[in-house]
Amino acid sequence: MRPSKKTLKVDVLDSRLRGNDNQKHSLLAFYLRLHKNLGINLALMATHFTFPSHLLSTDGLSRGDTLELLALASDYYTRNQATDKKHSILKGRTLINLFFENSTRTRTSFELAGKRLGMDVINIAAANSSAKKGESLIDTAKTLSAMQLDALVIRHASSGAARLIAGYVACPVINAGDGSHQHPTQALLDAFTILHHKGNIEGLTVAICGDIAHSRVARSNLYLLQTLGAKVRLIAPPQLLPNTPEQFGAEIHYSMKTGLKDADVVMMLRVQTERVQGPIMASVREYFHLYGLDKTKLAFARPDALVLHPGPMNRGVEIASDVADDVERSGVLDQVEAGVAVRQAILESIVRS
Ligand code: MLT
């Protein structure tokens, strides 16, 4: 049974928020499930929690730190239900969102997260930056850093861009997606959404389906989900798998029928046409027929399987509308909601440490 949103609208650990006993119990149950299944010591939360100085990848994030971060995000998730969502915990600090690729969800979510924590937030889109006049990425980053930033969020089409500039700036760098390499905040919000719906991650079977080869979301999730104890399956046609998929320690499937069998979570991916060279299938119709998630294919998974998609969704390509919009099965908008809270937790942890 999925917990309803209403039952999570309170904060039992923080006397600043109110809730009736039933609500408190539900949220406490959520925290306790985190505690029981994932080994968080609530008493130590926020005192012993350390976070890396940059967030560039999910590879290397420890289970303990991830879970404590998600517990902090759970606190923000609750607070975001209130009318007044604003806090002053990072008042006076400056966040720059530097986006060299288009984005709706990630950029808006970082902006809201920063503002809700009291930060001054500046958004820079590549189209309006000096990069257009030939300035190098390193020079842009050093220029911004000289303005005494407290955090720099970067999205770039080149894999490795976030790590590169982390070596040149004086503030924490958060990778908001670099080429087909990593998108760590997406994987963290996906983990939050799974925990929210399922209560635990350990032992769950998560099927990641679609364009694995070009997907930073797949790569980030592969590391994080396995760190958190999930069994991961990759489902894709051979041309959309990386060269040596077995290196990731996941089961590989070429058919949705075997790959989705009894899965607890089905994570669909967009075909990253901006990174694919040449046609990958004879037609969109054929792709949808073989790999698009519709009700018939979803029936291979467990009856309560949760459907996720990082967005933007291409309806009728990788997912059918009746699955994407099915409120009983689809967690797509929950992912968006979780994204703000998770990014608040990340900003708080990284800026304050
Ligand atoms: C991304 O930026 O990687 C998105 O969240 C997923 C996509 O673009 O398909």
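Coordinate-derived values only; no laboratory data. No experiment lies behind these values; they were computed from the predicted model shown. For neighbour counting, all protein chains shown are included, and Cβ atoms are generated from backbone atoms with ideal geometry for every residue, glycine included.
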Which cross-chain or sequence-distant (5 or more) residues have an amide H under 5 Å from the amide H of residue 306, H modelled 1.01 Å from N in plane? 265, 266
From the cross-link list 91/133; 231/261; 198/261; 115/142; 85/198; 261/295, the entries with a Cα-Cα span beyond 22 Å are 91/133; 115/142; 85/198
In Å and whole numbers, how far do the C-alpha atoms of the chain stretch along each principal axis, longest first? 59, 53, 34
Quick one: Karplus J couplings for the range 313-319, per residue in order, coefficients 6.51, -1.76, 1.60, θ = phi - 60°, nearest Hz, x for Gly and Pro? 8, 10, 5, x, 10, 9, 8
What's the exposure ranking of 142, 295, 198, going from fewest to most Cβ atoms within 10 Å? 295, 142, 198
Scan the range 211-292 for GluC sites (Glu not before Pro) in coil per DSSP, keeping those whose Cβ has at most 14 other Cβ atoms within 10 Å, and list them by number. 274
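Starting from the Cα gyration tensor of the range 84-172, take the square roots of the eigenvalues, sort them a ≥ b ≥ c, and report rounded, prolate or oblate (rounded when a/c is under 1.5, otherwise prolate if a/b is larger than b/c, else oblate).
Cα axes put the range 84-172 in the prolate bin.
Calculate the dipole size of the range 289-353 relative to its Cα centre from +1 charges on Lys and Arg beta carbons and -1 charges on Asp and Glu beta carbons; express the result in debye to the nearest 20. Please report the intermediate quantities before stating the final value.
On the way: 7 positive and 10 negative charges, 45 e Å.
Approximately 220 debye in magnitude.
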Pick out, from 298, 171, 207, the residue whose Cα sits farthest towards the positive end of the charge dipole of the chain, with +1 on the Cβ of Lys and Arg and -1 on the Cβ of Asp and Glu. 171
Taking placed amide H atoms and a strict 5 Å upper bound, the residues 5 or more places from residue 174 or on another chain that come that close are 55, 152, 153, 154
Sorted by Cβ neighbour density within 10 Å, fewest at the top, the residues 77, 287, 168: 168, 287, 77
Could you give the DSSP H helices of the chain that reach 20 angstrom or more along their long axis (alpha carbon positions) and whose average Kyte-Doolittle hydropathy is no lower than 0.5? 332-352
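For 266, 121, which order do you get if you count the other beta carbons within 10 Å of each Cβ and list the fewest first? Please list the in-between numbers first.
On the way: 266 30, 121 20.
Exposure proxy ranking, most exposed first: 121, 266.
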Using a cut-off of 15 Å between beta-carbons, work out the net charge of the residues near residue 249 (Lys and Arg +1, Asp and Glu -1, residue 249 not included). 0
Taking the Cα centre of the range 184-332 as origin and charging only Cβ (+1 Lys, Arg; -1 Asp, Glu), how large is the dipole, in debye to the nearest 20? 180
Among 336, 244, 272, which residue has its Cα positioned farthest towards the positive end of the charge dipole of the chain, with +1 placed on the Cβ of Lys and Arg, -1 on the Cβ of Asp and Glu, and the dipole taken about the Cα centre? 336
Determine the dipole magnitude for the chain: charges of +1 sit on the beta-carbon of Lys and Arg, -1 on that of Asp and Glu, nothing else is charged, the reference point is the Cα centre, and the result goes in debye to the nearest 20. 520
